[in-house]
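> Please find one structure pasted underneath; my questions will follow.
The values are calculated or read from the model by the stated rules, or taken from the named source; none is laboratory data. Being a predicted model, the structure only gives us computed values, none of them experimental. Glycine also receives a Cβ, built like all others from the backbone with ideal geometry; neighbour counts cover every protein chain displayed.
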Amino acid sequence: MKKLQNKVAVITGGASGIGAATARLFVSEGAKVVLVDLNEEKGKSFEAELKALNAEALFIKANITSEQDVADLFKQTVEAFGKVDIVFNNAGIGRVQPSHELEYSEWRNTVNVDLDGVFLVAREAIREMLKTGGGTIVNTASMYGWVGSPGSAAYNAAKGGVINLTRSLALEYAEQNIRINALCPGFIDTPIIPEESKQVLSAATPMKRLGKTEEMAKAVLFMASDDSSFMTGNALTVDGGYTAQ
Amino acid sequence: MNNRFDDKVVLITGGGSGLGQSAALQVAKEGAKLVLVDLNEASLEETKQKVLEVAPNAEVLLITANVADEKAVENYVNQTVKTFGKIDSFFNNAGIEGKQNLTEDFGIEEFQKVVNVNLNGVFYGLKYVLKVMKEQGYGSVVNTASVGGIRGVGNQSGYAASKHGVVGLTRNSGIEYGQYGVSVKAIAPGAIMTPMVEGSLKQMDPDNWEEVGKQFVQPNPMKRFGKPEEVGYLAAFLLSDQANFINATVIPIDGGQSYKY
């Protein structure tokens, strides 16, 4: 029995990394997936790849910081697949820069994508789910929503915001059968992490390795599926033990 | 993904009832060989019957043991390895609630009794199982903490102290054993309708406990008790290979309750 049979899942940041790994797993569990990304080339080619596996997949180019884009992408999703059961609210950006050199515009941009964007997608998702009687949302926060690190003030502030946004929305919609949880990844083996940093970051992690995107996908699947039916407001840390140190 | 536990050996303490029994049923459905430990021999037989109903071919070893007795813990771990040759997953779950009382009236003996089972018993389990898993180079441990292990509940000195202690043991052992490919995590169940919680409600009002239960879950965001099988799903996920990189962390399952205040 597949865990997401006939479910419709919207995945932002769906063209690469944790979003793409999650899309692959969701499809293998029977879901129809909507891949949302700014990168049209990657998005379209990934859509084609999933369709070649006989999966139902739809790529939508959208900027999650645009209210109009977010409204449109949900409209298109409902037109294509009739409903929205699951939203993996995953798109985000971040880069390392000393805070005294951080332009305000750069701060605004990071918080705009990583926090405001997550809110806009969640709000629209909730609007759709209220119509159909429920659903699940998984927001991508970070272990840097729990702890600090030098040079990432905007990212870390936004990710801390995502954790408490998750709790607050979860409490607000628990009675409407909308479950909202967050994923807090540690250091994950994606192209974002430069090769030369991988060894240092592995050594800093109690499991002495980086996490895999597939491992994040499995945690997202658990939180998105009925297997977690009594869990809401949770920020699941998947970091090999990094933040427990 | 139906058979996450094919050829896996899963050791469960407190396997005779409640969360241990639910986890046993879930992993057995997915192919696990089971070792069930409980103080109550009759309850073990009951779980075994239920397991065989959902998984007729399951291999099940029953061990009657008191987890507060270090020698008994050493024995159940040795028996497991002797019988099945390895331990893939360990649900370190046995626990008791203790008599509810104000701190000043809680009683030294009662405090020690609860800590002996809930904290010492969990530590003994870690001591013997982690040695085996370290040598194997793999394994997953799930300790049962509680929302009472991350929040104040009241009238539960022994339970609060021991469950907070379980959280500490989880973080400590997870840091130590991650490098050997072994992950250690804890679950923190909130209001789950287990025999233990039923007993707790009966302590509050023996004649009217169901009504007390309804009032008890009113502050819960989902306005209901969790079902033991819902915790079984979480335990199975965490005990499986799917959750290898989840380590040294505590996962509440409480309908959102612990995020509320």
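> B:Gln179 - would you say it is assigned to a helix (DSSP H, G or I) and either in contact with a His (Cβ under 8 Å, 6 or more places away or on another chain) or within 8 Å of chain A (Cβ to nearest Cβ) (or both)? Explain how you work it out, then say what you get.
Numbers: assigned to a helix (DSSP H, G or I): yes; either in contact with a His (Cβ under 8 Å, 6 or more places away or on another chain) or within 8 Å of chain A (Cβ to nearest Cβ) (or both): yes.
Yes; evaluated as a whole, the condition is true for this residue.
> Please go through the range A:5-21 and give me each residue that is assigned to a loop (DSSP other than H, G, I, E, B), touching a Ser or Thr at 6+ places or on another chain (Cβ under 9 Å) and over 21 Å from A:Pro185 (Cβ atoms), ordered by number. Full working, then the answer.
So the first thing to find is which residues in the range A:5-21 are assigned to a loop (DSSP other than H, G, I, E, B), and the list is A:5-7, A:13-16.
Pick out the ones that are also touching a Ser or Thr at 6+ places or on another chain (Cβ under 9 Å) and you get A:7, A:13-16.
Scanning the range A:5-21 gives a single hit, A:Lys7.
So that you can scan it fast, the table gives a plain yes or no per residue for (1) in a helix (DSSP H, G or I); (2) touching a Phe, Trp or Tyr at 6+ places or on another chain (Cβ under 8 Å):
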| site | (1), (2) |
| --- | --- |
| B:Leu52 | yes, no |
| B:Ala58 | no, no |
| B:Val81 | yes, no |
| B:Lys86 | no, no |
| B:Gly98 | no, yes |
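> Let me ask you something else. Taking the condition of being more than 18 Å from A:Phe81 (Cβ to Cβ), in contact with a strand residue (DSSP E or B) (Cβ under 6 Å, 6 or more places away or on another chain) and either polar (S, T, N, Q) or at pLDDT below 95 (or both), how many residues in the range A:1-50 meet it?
Number of matching residues: 0.
Yes or no, residue by residue, for (1) in contact (Cβ under 8 Å) with a residue 40 or more places away in the chain; (2) over 27 Å from B:Gly149 (Cβ atoms); (3) of a type outside the set (A, V, I, L, M, F, W, C):
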| residue | (1), (2), (3) |
| --- | --- |
| B:Val10 | yes, no, no |
| B:Gly31 | no, yes, yes |
| B:Leu34 | no, no, no |
| B:Ala94 | yes, no, no |
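> Still on this structure: When the residues of the range B:2-24 are filtered to those that are in contact with a helix residue (DSSP H, G or I) (Cβ under 8 Å, 6 or more places away or on another chain) and assigned to a loop (DSSP other than H, G, I, E, B), which remaining residue is nearest to B:Phe225 (Cα to Cα)? Working first, answer last.
The initial filter retains those residues of the range B:2-24 that are in contact with a helix residue (DSSP H, G or I) (Cβ under 8 Å, 6 or more places away or on another chain), namely B:4-5, B:8-24.
From what is left, the residues that are assigned to a loop (DSSP other than H, G, I, E, B) are B:4-5, B:8, B:14-17.
Values: B:Arg4: 27, B:Phe5: 28, B:Lys8: 31, B:Gly14: 20, B:Gly15: 21, B:Gly16: 21, B:Ser17: 17 Å.
Across the range B:2-24, the extreme among qualifying residues is B:Ser17.
> Name the residues in the range A:172-195 that are at pLDDT 95 or above and surrounded by fewer than 18 Cβ atoms within 10 Å (Cβ to Cβ), would you?
Step one: filter the range A:172-195 for residues at pLDDT 95 or above, giving A:172-189.
Within the range A:172-195, A:Glu172, A:Glu175, A:Gln176, A:Asn177, A:Asp189 qualify.
> While we're on this one: Which of the residues spanning the range B:99-118 are closer than 20 Å to B:Ser17 by Cβ and at pLDDT 95 or above?
Scanning the range B:99-118 gives B:Lys113, B:Val114, B:Asn116, B:Val117, B:Asn118.
> Does at least one position in the range A:34-54 carry a residue that is outside any helix (DSSP H, G or I), buried (at least 24 other Cβ atoms within 10 Å of the Cβ), of a type in the set (D, E, K, R) and touching a helix residue (DSSP H, G or I) at 6+ places or on another chain (Cβ under 9 Å)? Quick ask: steps written out before the conclusion?
At the first step, the residues of the range A:34-54 found to be outside any helix (DSSP H, G or I) are A:34-39, A:53-54.
Cutting the leftovers down to buried (at least 24 other Cβ atoms within 10 Å of the Cβ) gives us A:34-37.
Restricting the remaining residues to those that are of a type in the set (D, E, K, R) gives A:37.
Then drop every residue that is not touching a helix residue (DSSP H, G or I) at 6+ places or on another chain (Cβ under 9 Å), which leaves A:37.
Checked the range A:34-54: at least one residue is outside any helix (DSSP H, G or I), buried (at least 24 other Cβ atoms within 10 Å of the Cβ), of a type in the set (D, E, K, R) and touching a helix residue (DSSP H, G or I) at 6+ places or on another chain (Cβ under 9 Å).
> Please work out if A:Ile126 is modelled with pLDDT of 95 or more and in contact with a strand residue (DSSP E or B) (Cβ under 7 Å, 6 or more places away or on another chain).
Values: modelled with pLDDT of 95 or more: yes; in contact with a strand residue (DSSP E or B) (Cβ under 7 Å, 6 or more places away or on another chain): yes.
The answer is yes for A:Ile126.
> Taking the options A:Ala71, A:Ala23, name whichever one is surrounded by 16 or more Cβ atoms within 10 Å (Cβ to Cβ), more than 14 Å from chain B (Cβ to nearest Cβ), small (Gly, Ala, Ser) and within 23 Å of A:Thr136 (Cβ to Cβ). It would help to see each step written out before you state the result.
Values: A:Ala71 fails: surrounded by 16 or more Cβ atoms within 10 Å (Cβ to Cβ).
Exactly one residue qualifies, and that residue is A:Ala23.
> Hey, among A:Thr232, A:Thr205, which residue is within 15 Å of A:Ser142 (Cα to Cα) and of a type outside the set (Asp, Glu)? Let's see the steps before the verdict.
Details: A:Thr232 fails: within 15 Å of A:Ser142 (Cα to Cα).
Only one candidate qualifies: A:Thr205.
> Given (1) at pLDDT 95 or above; (2) surrounded by fewer than 23 Cβ atoms within 10 Å (Cβ to Cβ), where does B:Pro189 come up short, assuming only one miss?
(2)
> Select from the range B:133-158 the residues that are under 18 Å from B:Phe111 (Cα atoms) and surrounded by 24 or more Cβ atoms within 10 Å (Cβ to Cβ) and write down the one among them that is farthest from the other protein chains (Cβ to nearest Cβ).
Here the residue is B:Gly158.
> Next up: Residues being over 15 Å from B:Gly98 (Cβ atoms) and of a type in the set (Lys, Arg): count how many of those fall in the range B:194-217.
Of the residues in the range B:194-217, 1 are over 15 Å from B:Gly98 (Cβ atoms) and of a type in the set (Lys, Arg).
> Does A:Lys198 satisfy the condition of being at the interface with chain B (Cβ under 10 Å from one of its Cβ atoms) and surrounded by fewer than 17 Cβ atoms within 10 Å (Cβ to Cβ)? Don't jump to the end; show me each part of the working.
Numbers: at the interface with chain B (Cβ under 10 Å from one of its Cβ atoms): no; surrounded by fewer than 17 Cβ atoms within 10 Å (Cβ to Cβ): yes.
Taking the combined requirement at face value, the residue does not satisfy it.
> Got a sec? Which helices (runs of 4 or more DSSP H) wholly within the range B:189-261 have at least 1 residues that are at the interface with chain A (Cβ under 9 Å from one of its Cβ atoms) and among the small types (Gly, Ala, Ser)?
Answer list for the range B:189-261: B:228-239.
> With respect to B:Ala94, determine if the residue is closer than 17 Å to B:Leu234 by Cα, over 15 Å from the mean Cα position of the chain (by Cα), of a type in the set (Gly, Ala, Ser) and buried (at least 24 other Cβ atoms within 10 Å of the Cβ). Steps first, answer last, please.
Values: closer than 17 Å to B:Leu234 by Cα: yes; over 15 Å from the mean Cα position of the chain (by Cα): no; of a type in the set (Gly, Ala, Ser): yes; buried (at least 24 other Cβ atoms within 10 Å of the Cβ): yes.
Answer is no for this residue.
> Then there's this: Where in the range A:115-224 are there helices (runs of 4 or more DSSP H), lying wholly inside it, with at least 3 residues that are more than 24 Å from B:Gln242 (Cα to Cα)? Give the derivation first.
Details: elements: A:117-132, A:153-173, A:195-204, A:213-224.
Because the criterion is at least 3 residues that are more than 24 Å from B:Gln242 (Cα to Cα), the helices (runs of 4 or more DSSP H) in the range A:115-224 that meet it are A:117-132, A:153-173, A:195-204.
> Are any residues in the range B:181-233 at positive phi and of a type in the set (D, E, K, R), and if so, which ones?
Narrowing the range B:181-233 to residues at positive phi: B:181, B:223.
Answer for the range B:181-233, where residues must be at positive phi and of a type in the set (D, E, K, R): just B:Lys223.
> Across the range A:207-240, what is the total count of residues that are closer than 17 Å to B:Val182 by Cβ, at the interface with another protein chain (Cβ under 7 Å from one of its Cβ atoms) and surrounded by fewer than 22 Cβ atoms within 10 Å (Cβ to Cβ)?
Pass one, the range A:207-240, residues closer than 17 Å to B:Val182 by Cβ: A:207-209, A:211, A:215, A:238-240.
Cutting the leftovers down to at the interface with another protein chain (Cβ under 7 Å from one of its Cβ atoms) gives us A:207-208, A:211, A:215, A:238, A:240.
Narrowing further to those that are surrounded by fewer than 22 Cβ atoms within 10 Å (Cβ to Cβ): A:208.
Count: 1.
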